[in-house]
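Asker: Below you'll find the structure I mean.
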Amino acid sequence: MGKERAAVLGVGQTKYDTTYPGSMAGMLREAAANALEMSGKGWDDIDAVIMGKAPDFFEGVMMPEVYLAEALGCVGKPIMRVHTAGSVGGSTACVATSMIQSGVHETVLTIGWEKQSESNAMWALSLPQPFATSVNAGAGGYFSPIIRRYMMMTEAPELIGCMVALKDRKHALNNPYAHLHQPDLTFEQVVESPMLWDPIRYSETCPSSDGACAIVLGSEKVAEAHDGPVAWIKGIAMRSESGSFAGRNMVSPAASEACADDVFAQAGIQDRRKEIDAVEMYVPFSWYEPMWLESLGFAEKGQGWRMVEEGATSIDGGDLPVNCSGGVLSSNPIGASGMIRFGEAALQVMGLAGDHQVDGAKTAVGHAYGGAAQYYAMWVVGADK
Amino acid sequence: MADEVLTAPLVLEYPFTRTTGPVIGGFLTGLREGVIHGVRRSDGTVMCPPLEYDPITAAPLSELVAVGTVGTVTTWTWNGEPRAQQPFAQPFAWAMITLDGADTPMLHAVFVDSADDMATGMRVEVVWREEREGHITDIAGFIPAVASSTGEPAAMPSDVEQIQSVRTPIRMEYTYTPGRALSQYLRAMKDKRILGDKCPETGEVSVPPRGVSSVAGKPTLPELVDLPDTGYIESFNITRVPIKMRPDLTPPYVSAWIVLDGASVGFMGLGMNVEPEDVRVGMRVRAVWKPDDELEMSAQNILGWEPTGEPDEVITDYARVGRLEQGGGQ
C-alpha cells in the first residue's frame with residue numbers, strides 16, 4: 001500500500017485526579033510539554049495537532065479546538081478534532097498516525113483529555129427527550145444488561161469482575177499518574193462494595209477523572225534520528241456499527257472483532273496471546289476485561305474469564321498482562337482514556353513504563369471502545385521496526 | 001393530519017464549573033475588586049481580556065497588568081433585539097473596546113439610546129455591577145465616558161482571596177422534532193396502540209419506529225405495523241442506589257430491554273409490579289398503561305412492564321439480541 005512507517009517518540013500525561021488544579025488549557029499544555037520532553041522535540045518541530053475529545057456536553061465547552069490551539073503551540077499550523085465518544089482517544093491517535101503514514105506530515109502532536117470536575121458526565125448521558133420515557137442513568141445502566149448476558153452465556157463465577165477490579169487497582173499502585181491509589185484495598189472490600197447497577201458493584205466501576213494524555217508521533221526518518229527508544233506502529237484500525245439491530249452480538253460486537261482482525265493482520269500477528277506481551281484495553285466496568293479478551297481473540301469464546309481466574313492478565317506472573325497502568329478502572333478522564341491506552345502500550349515497548357514495566361515487552365496493543373459499544377480503535381506497537 | 005410532524009420544546013441547562021488557573025483566575029479576582037487586568041505578551045504589548053497562551057507565539061503568559069476602565073470603541077454594531085441572557089434588556093450596541101493601557105480590544109455592550117449615539121473612536125467607560133463576585137458579568141457594560149473620567153486603574157488590594165473556579169451556567173433551547181415515523185407512533189400511543197416499522201429488505205421490525213433500517217440503510221416501509229403490548233425481557237439492570245440525576249426513580253428499580261411480540265429489536269423499559277430479585281432474562285411481560293383519561297401523544301403512556309405469568313421465553317444465544325427473523329423467536 002506504500003504506507004510510510006510511523007513511530008511514537010514521546011508520551012506525556014498529567015496526574016489523573018478528581019480535580020486538576022489549573023485550567024483546561026493548562027492541563028493540555030502540561031501533557032503536551034511532557035510528551036515533547038520525552039520526544040526530544042520542541043514546539044517548532046510539530047507540523048500539526050490532532051486532538052480528541054468526548055461530547056462537548058461533558059464540559060460545556062463548544063469547539064474546544066478553537067480555544068485550545070495556542071495552548072498546544074498550534075499557531076499557523078493545522079489543527080483537527082476527532083470525536084468517537086469514549087473511544088475518541090484511540091481514534092485520535094489513529095488519525096494522527098495516518099497523517100504520517102500518508103506522507104502529509106513528519107511530526108505530529110496528538111492529545112486527548114477530559115476535565116470531569118467541570119461537569120457531570122452522567123447528566124450529559126441521561127438527557128431527557130420529549131415524548132419518551134428514559135429509565136437509563138449513565139453508562140453503567142446501559143452496560144449492566146450486557147454484562148448480565150455475558151455472565152449467563154459463560155456461566156462464569158460471580159466474582160470474576162471483582163478479581164479484575166482488584167487486579168487493576170493493584171496495578172495502579174505502580175503508576176504514579178493513576179487516579180486511584182488504594183494500597184489497602186482487599187478483595188473482600190471489592191466484593192462488599194455496594195451494587196450500583198446490579199450486577200455491577202461500585203468498586204467495579206471507573207472513577208471520574210481530570211487529565212490529559214499526549215503523544216508525539218514521527219515519520220521513519222524522524223524516528224531514526226531520535227536519540228532514544230521509539231515504539232513502531234505496526235497497525236492501526238477503527239470500526240463502527242449501529243448500537244441496536246436485530247441479531248446484534250452485544251457481548252462481542254462484529255465491529256470489535258473486525259477491528260481486532262484488521263489490526264493483527266497488519267501487524268502480522270498469528271498467535272495473539274503468545275505474540276503480544278502487554279495489552280492496554282478499555283475496561284470501564286470490570287467484566288469488560290474477560291469480554292474483550294474473547295472479542296479480541298486472546299481467549300476462546302466463553303473462556304476469557306478463565307484467564308482472569310488463573311491470573312494470566314496480572315503483571316505479577318501472568319503471560320498476558322492487561323492494563324499494567326491500572327487501566328480505565330483506575331483513571332477515567334474520558335476523552336483521554338483511549339489515548340492513555342495507546343500511550344501506555346507504546347511506553348511498554350519503549351521500556352519506559354517505569355514500575356509497571358512488563359519485562360522485555362516487545363509488542364503491545366492499545367485498545368479503546370465507545371458509545372453503545374459501537375466505536376472501536378486499536379493499534380499494535382513494537383520495539384522493532 | 002396523519003403526516004403532521006410533532007414538535008416539543010427541549011431545554012438543556014447545566015451549571016458547569018471551570019477551574020480557572022492563575023491567569024483567568026487573576027483577571028476574575030481583579031473584576032471582583034473593581035480592577036481590569038490585561039496580560040503582557042512576549043512583545044511587551046498588553047492583551048485584555050487576558051489569555052493564558054500567546055496567540056502569536058503560543059508562549060505561556062503570566063504577567064497581569066492593570067488597565068484603565070475607560071477605553072475607545074474601535075468598531076461596533078447595533079443589537080436591536082436583545083435576547084434573554086444578554087447584558088441589557090433594551091437595544092444596545094456590541095462594541096470592540098480597547099481599554100487605556102491595553103493593545104487589544106474587548107467585546108462588550110455599550111448602553112446608549114440609539115445607534116445614532118454610537119461612533120467608532122468614541123470614548124466609553126465601564127459600568128460595574130453593584131454586587132461583584134469574580135465573574136465576567138461583574139462588568140455590567142459600558143456607557144459613553146463623561147469628560148471627567150480618567151479611567152485610571154484602581155489599586156489592587158493586597159491579600160485578597162484568589163478566584164480558583166467559577167460557575168458558568170449554560171442553557172440551550174431547541175425545538176425537538178421526532179420526525180414522521182415517530183410522530184405516527186406517538187399519535188397511536190394516545191389510543192394505546194404500539195406501532196413499529198419494517199425494513200423492506202430484512203423484514204426487521206423496530207419499535208419505536210426509526211424511519212430507517214439500521215442494517216440495510218434503507219427507508220422503512222411507509223405502512224407501520226401494529227404490535228401487541230406484550231413481550232419478554234431480554235436482559236436487565238437493577239439500579240440499587242439513588243442516582244442524583246433521576247430523583248423520580250426510587251431504587252431498587254429494574255430497567256429492562258423489552259422485545260415486543262412481533263418486534264425484532266428491544267428497547268429500554270421500567271420493570272413494574274415485581275420484586276427486582278424475581279426478574280429473569282426471558283420473563284414474559286405486558287405494558288402497564290396510564291389511566292385512559294391521562295393518555296397523551298407520548299411513550300410515557302406506558303408506565304412500565306409487569307410479568308404476565310406465562311412461561312419464560314426460551315433464549316438460546318445469550319450473546320445476540322432481538323429476533324433475527326420477525327416473529328420467529330431466537
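Conditions (1) touching a Cys at 6+ places or on another chain (Cβ under 8 Å); (2) touching a residue at least 60 places away in the same chain (Cβ under 8 Å); (3) in the same structural domain as B:Arg18 (by TED's automatic domain parsing), marked per residue:
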site	(1), (2), (3)
B:Gly151	no, yes, yes
B:Ile194	no, yes, no
B:Pro200	no, no, no
B:Val215	yes, no, no
B:Asn237	no, no, no
B:Arg240	no, no, no
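Asker: How many residues are more than 7 Å from chain B (Cβ to nearest Cβ) and crowded, with 22+ Cβ neighbours inside 10 Å if we restrict to the range A:116-137?
Answerer: Qualifying residue count, the range A:116-137: 1.
Asker: Right, something else. I want to confirm something. Restricting to the range B:259-277 and keeping residues that are over 28 Å from B:Gly203 (Cβ atoms) and of a type in the set (Asp, Glu), which single residue is farthest from the other protein chains (Cβ to nearest Cβ)?
Answerer: First, pick out the residues of the range B:259-277 that are over 28 Å from B:Gly203 (Cβ atoms): B:270-277.
In the following step, the residues that additionally are of a type in the set (Asp, Glu) were identified as B:275, B:277.
Numbers: B:Glu275: 13, B:Glu277: 10 Å.
Top of the filtered list is B:Glu275.
Asker: Within the range B:99-111, does at least one residue satisfy the condition of being in the same structural domain as B:Thr75 (by TED's automatic domain parsing), surrounded by fewer than 13 Cβ atoms within 10 Å (Cβ to Cβ), under 25 Å from B:Arg167 (Cβ atoms) and of a type in the set (Gly, Ala, Ser)? Outline the logic, then answer.
Answerer: In the first step, residues of the range B:99-111 are kept if they are in the same structural domain as B:Thr75 (by TED's automatic domain parsing); the result is B:99-111.
Right, trim to surrounded by fewer than 13 Cβ atoms within 10 Å (Cβ to Cβ) and you get B:107.
Checking which are under 25 Å from B:Arg167 (Cβ atoms) leaves us with B:107.
From the residues that got through so far, the ones that are of a type in the set (Gly, Ala, Ser) too are none.
Within the range B:99-111, not a single residue is in the same structural domain as B:Thr75 (by TED's automatic domain parsing), surrounded by fewer than 13 Cβ atoms within 10 Å (Cβ to Cβ), under 25 Å from B:Arg167 (Cβ atoms) and of a type in the set (Gly, Ala, Ser).
Asker: Still on this model: Which ones in the range A:236-270 are surrounded by 21 or more Cβ atoms within 10 Å (Cβ to Cβ) and part of a strand (DSSP E or B)?
Answerer: Those that are surrounded by 21 or more Cβ atoms within 10 Å (Cβ to Cβ) and part of a strand (DSSP E or B): A:Ile236, A:Ala237, A:Met238, A:Arg239.
Asker: Which ones in the range B:220-233 are part of a strand (DSSP E or B) and touching a strand residue (DSSP E or B) at 6+ places or on another chain (Cβ under 6 Å)?
Answerer: Step one: list which residues in the range B:220-233 are part of a strand (DSSP E or B), which gives B:225-227, B:230-233.
If the condition is that a residue be part of a strand (DSSP E or B) and touching a strand residue (DSSP E or B) at 6+ places or on another chain (Cβ under 6 Å), then B:Val225, B:Leu227, B:Thr230, B:Gly231, B:Tyr232, B:Ile233 are the ones that fit.
Asker: For residues that are in contact with a Leu (Cβ under 9 Å, 6 or more places away or on another chain) and β-branched (Val, Ile, Thr), scanning just the range A:17-57, find the one that is farthest from the other protein chains (Cβ to nearest Cβ).
Answerer: Among residues in the range A:17-57 that are in contact with a Leu (Cβ under 9 Å, 6 or more places away or on another chain) and β-branched (Val, Ile, Thr), the one farthest from the other protein chains (Cβ to nearest Cβ) is A:Ile50.
Asker: Go through the range B:239-258 and report how many residues are at the interface with chain A (Cβ under 7 Å from one of its Cβ atoms) and either surrounded by 17 or more Cβ atoms within 10 Å (Cβ to Cβ) or modelled with pLDDT of 95 or more (or both).
Answerer: 7
Asker: Can you say whether B:Arg280 is among the charged types (D, E, K, R), closer than 23 Å to A:Gly138 by Cα and in contact with a Lys or Arg (Cβ under 7 Å, 6 or more places away or on another chain), as far as the supplied structure shows?
Answerer: On the way: among the charged types (D, E, K, R): yes; closer than 23 Å to A:Gly138 by Cα: yes; in contact with a Lys or Arg (Cβ under 7 Å, 6 or more places away or on another chain): no.
The answer is no for B:Arg280.
Okay, residues lined up against (1) touching a Leu at 6+ places or on another chain (Cβ under 9 Å); (2) among the basic types (Lys, Arg); (3) crowded, with 17+ Cβ neighbours inside 10 Å; (4) within 25 Å of A:Ser331 (Cα to Cα):
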{"site": "A:Met195", "(1), (2), (3), (4)": "no, no, yes, yes"}
{"site": "A:Val216", "(1), (2), (3), (4)": "yes, no, yes, yes"}
{"site": "A:Val222", "(1), (2), (3), (4)": "yes, no, yes, no"}
{"site": "A:Gly228", "(1), (2), (3), (4)": "yes, no, no, no"}
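Asker: Moving on. Looking at (1) more than 8 Å from chain A (Cβ to nearest Cβ); (2) part of a strand (DSSP E or B); (3) within 19 Å of B:Arg284 (Cβ to Cβ), find the lone condition where B:Phe236 falls short.
Answerer: (1)
Asker: Given the range B:13-84, what strands (runs of 3 or more DSSP E) lie entirely inside it while holding 1 or more residues that are modelled with pLDDT of 95 or more and polar (S, T, N, Q)? Let's see the steps before the verdict.
Answerer: Working: elements: B:36-40, B:64-67, B:70-79.
Answer list for the range B:13-84: B:70-79.
Asker: Check off (1) over 24 Å from A:Val216 (Cβ atoms); (2) modelled with pLDDT under 95 for A:Pro321 and give me the number that stays unchecked.
Answerer: (2)
Asker: Given the options B:Asp43, B:Asp113, name the one that is more than 31 Å from the chain's Cα centre (by Cα) and over 28 Å from A:Met24 (Cα atoms).
Answerer: Numbers: B:Asp43 fails: over 28 Å from A:Met24 (Cα atoms).
The match here is B:Asp113.
The values are calculated or read from the model by the stated rules, or taken from the named source; none is laboratory data. Not measured: the values here are computed from a predicted model. Methodologically, a virtual Cβ is constructed for each residue, glycine included, from the backbone with ideal geometry; neighbour enumeration extends over all protein chains shown.
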